[in-house]
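The values are calculated or read from the model by the stated rules, or taken from the named source; none is laboratory data. Quick caveat, the model's predicted, so the values are computed rather than measured. Virtual Cβ from ideal backbone geometry, glycine too; neighbours counted across all protein chains shown.
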Amino acid sequence: MASIQKRGKNYSVVYRYTNEKGVTVQKWESFSSRKEAQTRKAEVENQLIKNSFIAPRNETLEDFLKDYVSTYGQKKWGLSMYSSNIALIRNYINPLIGNWNIQKITPRMLDRFIRTLKTTPAVSTKTRRAKDEYVTDKTIDKICRLLHCAFNQAVRWEILSRNPMDGATPPQIEYQKRDIWDADTIRKAFEECEDSRLYIAMQLAFACSLRAGEILGLQWERVHISDKDIMNDDAHIIIDRELERVTLEALDMLDRKDVYCVFPPQKEGTTTRKVLKTPKTKSSVRRVWLPATVAKMLRKWRERQETAQEILGKEYHDFDLVVALDNGEPCEIRLIEKTFKNLKEKAGLPNVVFHSLRHSSTTYKLMLSKGDIKSVQGDTGHATADMVTRVYAHIMDENRRENAKLFEQEFYSGADLKDARQEAKKDSEAEFAALISRLSSEQIETMKDFLTKIS
């Protein structure tokens with residue numbers, strides 16, 4: 001079914017196959033050694049016998065990814081993932097390996113690509129400046145995951161017989177414990193904070209374990225803080241949307257999927273938009289109960305917003321947002337982070353990111369609940385309890401250490417147990433003494449000799 005022919009210094013594997021149009025064509029594949037040609041000949045014949053032969057094609061990785069994005073990505077990806085993956089393809093995959101023939105990519109080639117990425121300068125965009133000089137391991141891991149998913153689809157489409165990423169070696173990503181503020185530091189931050197918008201955002205991040213996008217996307221319609229709610233300890237908020245900035249391309253390609261509202265741009269010619277959209281995962285949709293104090297803070301904050309609306313009149317743009325700009329327009333996380341940075345510097349507070357308030361919240365809730373992972377997961381919106389356990393394992397270890405102490409105090413140090421242990425010891429000593437008294441001196445000497453031999 002296949003033959004090897006020598007052509008100059010190379011060896012060619014020659015065979016026939018039926019292409020996509022149903023036409024039988026002849027194919028020549030050249031190799032530099034007879035051994036390589038023999039390996040390929042055996043592979044082709046084996047695939048033809050098993051009816052699993054994949055016709056060779058000259059498609060580049062760049063061309064394949066265009067098809068992959070338009071047919072797979074548009075159906076499976078959300079707005080943020082679409083924008084992120086398109087950026088990875090344009091900034092790092094196409095420039096470095098986009099011209100590779102997809103069917104000739106091997107795990108070894110991908111390992112070289114991964115090594116190259118480690119010394120590749122990180123790309124800055126119009127809306128986001130790169131924080132690191134070179135591509136980070138975290139970004140490389142995202143690139144590897146994207147390629148693995150794409151190659152899996154190529155296997156399903158019968159373009160590849162196997163996924164080359166399965167044999168490659170992505171970087172190992174280790175979770176780094178974030179620094180968080182203790183209770184006294186958080187109290188000091190609240191006392192020193194003079195920016196009312198930041199103050200409310202911090203309260204929601206800490207008391208409710210919210211992400212920044214969830215705070216900025218929270219609307220008053222989903223805030224339940226009536227007198228009855230507070231009196232019945234039922235003051236709560238509903239988290240079912242988040243604020244995010246996405247590209248116009250992603251909005252158009254995904255036909256505004258999962259988008260509740262697209263906010264008008266504040267500047268002409270911008271290629272991105274602020275949107276109110278569904279959360280990334282179903283588990284992020286949740287109800288979070290409010291401490292009474294925080295509920296009352298929100299009521300005062302709403303009164304202040306209503307006053308501003310009356311003063312500004314038509315200049316106030318009411319989008320029903322809890323945390324908004326003074327004119328009602330949506331507030332972005334970078335403004336919150338900027339005022340948060342000013343607060344840290346002015347008050348001399350330890351340097352943590354705003355997101356760390358969510359980690360502080362989760363940490364203290366785990367401690368207060370004695371490690372009730374499921375109840376804390378309900379507040380945080382983590383997809384699985386395992387994610388809480390993995391990220392906050394140090395808190396669980398502390399609880400387990402306390403459990404050991406409790407066991408010692410409540411069980412092993414009990415008077416009854418001590419008495420039982422002492423009585424058992426007395427009984428065994430009495431039985432041994434009685435046994436010795438019944439033995440003759442000759443038997444005792446024989447026992448000593450036996451014990452000496454086995455020791």
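Every residue, every condition in (1) modelled with pLDDT under 95; (2) hydrophobic (A, V, I, L, M, F, W, C); (3) touching a Pro at 6+ places or on another chain (Cβ under 8 Å); (4) over 16 Å from PHE354 (Cα atoms), yes or no:
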position: ARG129; (1), (2), (3), (4): yes, no, no, yes
position: ASP132; (1), (2), (3), (4): yes, no, no, yes
position: TRP157; (1), (2), (3), (4): yes, yes, no, yes
position: GLN172; (1), (2), (3), (4): yes, no, no, yes
position: ALA183; (1), (2), (3), (4): yes, yes, no, no
position: ARG187; (1), (2), (3), (4): yes, no, no, no
position: ALA201; (1), (2), (3), (4): no, yes, no, no
position: GLN219; (1), (2), (3), (4): no, no, no, yes
position: ASP229; (1), (2), (3), (4): yes, no, no, yes
Residue match in the range 273-286 (condition: free of Cβ contacts under 8 Å to residues at least 24 places away in the same chain and either under 17 Å from ALA207 (Cα atoms) or touching a helix residue (DSSP H, G or I) at 6+ places or on another chain (Cβ under 9 Å) (or both)) | no
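So that you can scan it fast, the table gives a plain yes or no per residue for (1) in a helix (DSSP H, G or I); (2) over 23 Å from the mean Cα position of the chain (by Cα); (3) in the same structural domain as ARG187 (by TED's automatic domain parsing):
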residue: ASP252; (1), (2), (3): yes, yes, no
residue: ARG256; (1), (2), (3): no, yes, no
residue: TYR260; (1), (2), (3): no, yes, no
residue: LEU276; (1), (2), (3): no, no, no
residue: ARG287; (1), (2), (3): no, no, yes
residue: ARG299; (1), (2), (3): yes, yes, yes
residue: ARG302; (1), (2), (3): yes, yes, yes
Do you know which of the residues in the range 266-295 that are at pLDDT below 85 and among the charged types (D, E, K, R) is surrounded by the most Cβ atoms within 10 Å (Cβ to Cβ)?
-> LYS280
Taking the residues in the range 92-108 that are within 28 Å of the chain's Cα centre (by Cα) and not polar (S, T, N, Q) as candidates, determine which candidate is surrounded by the most Cβ atoms within 10 Å (Cβ to Cβ).
-> TYR92
Kindly establish whether ASP111 is modelled with pLDDT of 90 or more and more than 23 Å from the chain's Cα centre (by Cα).
-> yes
Kindly indicate whether any position in the range 45-52 is within 30 Å of LYS138 (Cα to Cα), free of Cβ contacts under 8 Å to residues at least 60 places away in the same chain, of a type outside the set (Lys, Arg) and surrounded by 15 or more Cβ atoms within 10 Å (Cβ to Cβ).
-> no
